[in-house]
Structures are given as structure tokens and as C-alpha cells.
Amino acid sequence: MSFAHVGIELAFRGKGVNEKAYVVSCSKPEYQLELGKEVLAIDPAYFRPTEVDLLIGDPSKAKHKLGWIPEYSLEDLVNDMMASDLEFMKKEYHIKEGGYQILNYFE
């Protein structure tokens, strides 16, 4: 969803921990990546030792007993997060272009 937000289409190849995503197309001129570039991969170093295989949330009890209605969809949350991240990255870009040092957030 986040790549789609900036007009990048991905193709997924592989299964399980070997699944990776590659750039198929970029439709927005300001967000161009090399076609065929690997942009997502699974790193087992981040697996939690006590992770359960499947977690499924069911909000029906909260809806029924409390009258709770979700205000945001998953797509809304992704859009908000991407807007914030893109704004942050634009600021970082301008700082770097101005000759100042920025922190490296990549591991």
C-alpha cells in the first residue's frame, strides 16, 4: 500500500522467508526507482522468538457492546503515515542539499 501511494507497482517473487518485492513500474515522476530493483525482503533477524503463527482481530464485540465504530480504515492509516514520512524526507533532503549532515536512518 505504501509503494502504491507514491505510484510504484511491485511484483512479489518467492515464498515464505524467501519472498522479495521488485519494482515493476513508477508512475509518478518525483518517485522514480530503477525497474527490477529489489525493494523489500524478509529479514529473519527481526523475527520474535515467541511470535504466534496467526493473529486475527475481531472488533465485533467492541462494536456490539460498546457501540464502537472505527474512524479510520487501514488505507486511511497508510495514507496518513505516508504523507508524514514523505514530508519528513523532503525536509531531510533540503537539509542535506543545504550542506548539513543528516542522520542515516537505514540499518
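The values are calculated or read from the model by the stated rules, or taken from the named source; none is laboratory data. All figures in this text were calculated on a predicted structure; none of them were measured in a lab. A quick note on method: Cβ atoms are made from the backbone with ideal geometry, for glycine too, and the neighbour counts reach across all protein chains shown.
Structure values in brief
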{"read-out": "Number of the exception - Arg48 against (1) modelled with pLDDT under 90; (2) of a type in the set (Lys, Arg); (3) in the same structural domain as Met1 (by TED's automatic domain parsing)", "value": "(3)"}
{"read-out": "Close pairs (7 angstrom Cβ cut-off, 6 or more residues apart or separate chains): closer than 22 Å to Ala4 by Cβ and not assigned by TED's automatic domain parsing to the domain that holds Val6 in region 51-78, of a type in the set (Gly, Ala, Ser) and surrounded by 10 or more Cβ atoms within 10 Å (Cβ to Cβ) anywhere", "value": "Val78/Ser2"}
{"read-out": "Residue in region 42-78 that is farthest from the chain's Cα centre (by Cα), counting only those that are in a helix (DSSP H, G or I) and of a type in the set (A, V, I, L, M, F, W, C)", "value": "Leu66"}
{"read-out": "Residue list for region 1-20, restricted to those being part of a loop (DSSP other than H, G, I, E, B) and either within 12 Å of the chain's Cα centre (by Cα) or among the hydrophobic types (A, V, I, L, M, F, W, C) (or both)", "value": "Met1, Val6"}
{"read-out": "Counted residues, region 25-48 - those being closer than 24 Å to Lys90 by Cα and either touching a helix residue (DSSP H, G or I) at 6+ places or on another chain (Cβ under 8 Å) or not acidic (Asp, Glu) (or both)", "value": "12"}
{"read-out": "Residues satisfying the stated conditions in region 1-46, i.e. of a type outside the set (Lys, Arg), surrounded by 13 or more Cβ atoms within 10 Å (Cβ to Cβ) and either at positive phi or touching a Gly at 6+ places or on another chain (Cβ under 7 Å) (or both)", "value": "Gly7, Tyr22, Val23, Cys26, Tyr31"}
{"read-out": "Qualifying residues in region 58-78 (those that are farther than 19 Å from Tyr31 by Cβ and of a type in the set (Asp, Glu)) - the one surrounded by the most Cβ atoms within 10 Å (Cβ to Cβ)", "value": "Asp76"}
{"read-out": "Region 1-28 residues that are within 19 Å of Asp80 (Cα to Cα), paired with ones that are surrounded by 11 or more Cβ atoms within 10 Å (Cβ to Cβ) and of a type in the set (Phe, Trp, Tyr) (beta carbon under 8 Å, 6 or more apart)", "value": "Val6/Tyr31; Gly7/Tyr31; Ile8/Tyr31"}
{"read-out": "Output for region 79-107, where each listed residue is outside any helix (DSSP H, G or I), over 19 Å from the mean Cα position of the chain (by Cα) and surrounded by fewer than 10 Cβ atoms within 10 Å (Cβ to Cβ)", "value": "Gly98, Gly99, Tyr100, Gln101, Leu103"}
